[in-house]
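One structure is given here, and the rest of the page talks about it.
The values are calculated or read from the model by the stated rules, or taken from the named source; none is laboratory data. For clarity, every value in this text was computed on a predicted model and none was experimentally measured. Cβ coordinates were reconstructed from backbone atoms using ideal geometry, including for glycine residues, and neighbour counts include every protein chain displayed. With ligands, DNA and RNA removed, areas are computed over all heavy atoms of the protein, side chains included. Shrake-Rupley method; radii C 1.70, N 1.55, O 1.52, S 1.80 Å.
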Amino acid sequence: HFFTHLLRLRTLPANTQVGIPIELLANIEQHEDIKLALEHGASGVGLFRTEMLFLNRTDPPSEDEQLAVFCQAIKSLQGKSLTIRTLDLGSDKLPHLDLSDHSESHNPALGLRALRLCLKNPSLFHPHLRAILRASATGSIKIMLPMVTSLQEIVHVKNLLAHLRKELQHNGHTVAADIPLGAMIEVPAAAINAYDFATHVDFLSIGTND
């Protein structure tokens, strides 16, 4: 009964009692989740878990395959916002790909995973970023970096994005002029360095489950 009561409220504006609007965004793992999110009144997607595209397969999805998924999501959102979180692989989300570092422990929850794993595997990360950049030409997107621990990682990705943008444009691809870049605050180092992070990104996202 309580859930039925909440469903009646899904079309009402999400404002506080003093009129401050709160943007309610959905976390999704696959394209099918978008329909459900919109039916329940979401203002868009605040986190697209892209690693789900890489699980349960022996070869990573191609750049064009990822591009098609991102463009399909943008189209289904009909102008609502889409935040794509870059690959958060490692720890409990290990695909059938040979990305492991055998020098690590069996539980690298704060080890070689997510952004650090991507930066160590350019052949995995670069096509992923290129697909996101190419998708930006079809609608409004944001990029969010998971498990960031240092400012150097953010700067590295910003430089990489600038390089890939020029490369794509040189090859005739259109890339949006402004793609907001954000960072997840999930680990102690990120919480401590949040002020410095904020001077280099457009938004921060707090991973409250961590």
Q) In this structure, does Leu119 turn out to be surrounded by fewer than 20 Cβ atoms within 10 Å (Cβ to Cβ), part of a helix (DSSP H, G or I) and at pLDDT below 95? A) yes
Q | Those helices (runs of 4 or more DSSP H) lying entirely in region 1-88 with at least 3 residues at pLDDT 95 or above, open to solvent by less than 20 Å² (accessible area, probe 1.4 Å) and touching a helix residue (DSSP H, G or I) at 6+ places or on another chain (Cβ under 7 Å) | A | 63-77
Q) Give me the pairs: first residue in region 5-26 and farther than 20 Å from Lys80 by Cα, second residue open to solvent by less than 100 Å² (accessible area, probe 1.4 Å) and aliphatic (A, V, I, L, M), beta-carbon distance under 8 Å, and six or more apart or on different chains, which are they? A) Thr16/Ile22
Q | Near pairs, Cβ below 6 angstrom, 6+ apart or cross-chain, from region 189-210 (under 17 Å from Gln152 (Cβ atoms)) to any residue that is part of a helix (DSSP H, G or I) and among the β-branched types (Val, Ile, Thr) | A | His200/Ile154
Q) Do you know which residues across region 127-180 are among the charged types (D, E, K, R) and closer than 15 Å to Ala114 by Cα? A) Glu153
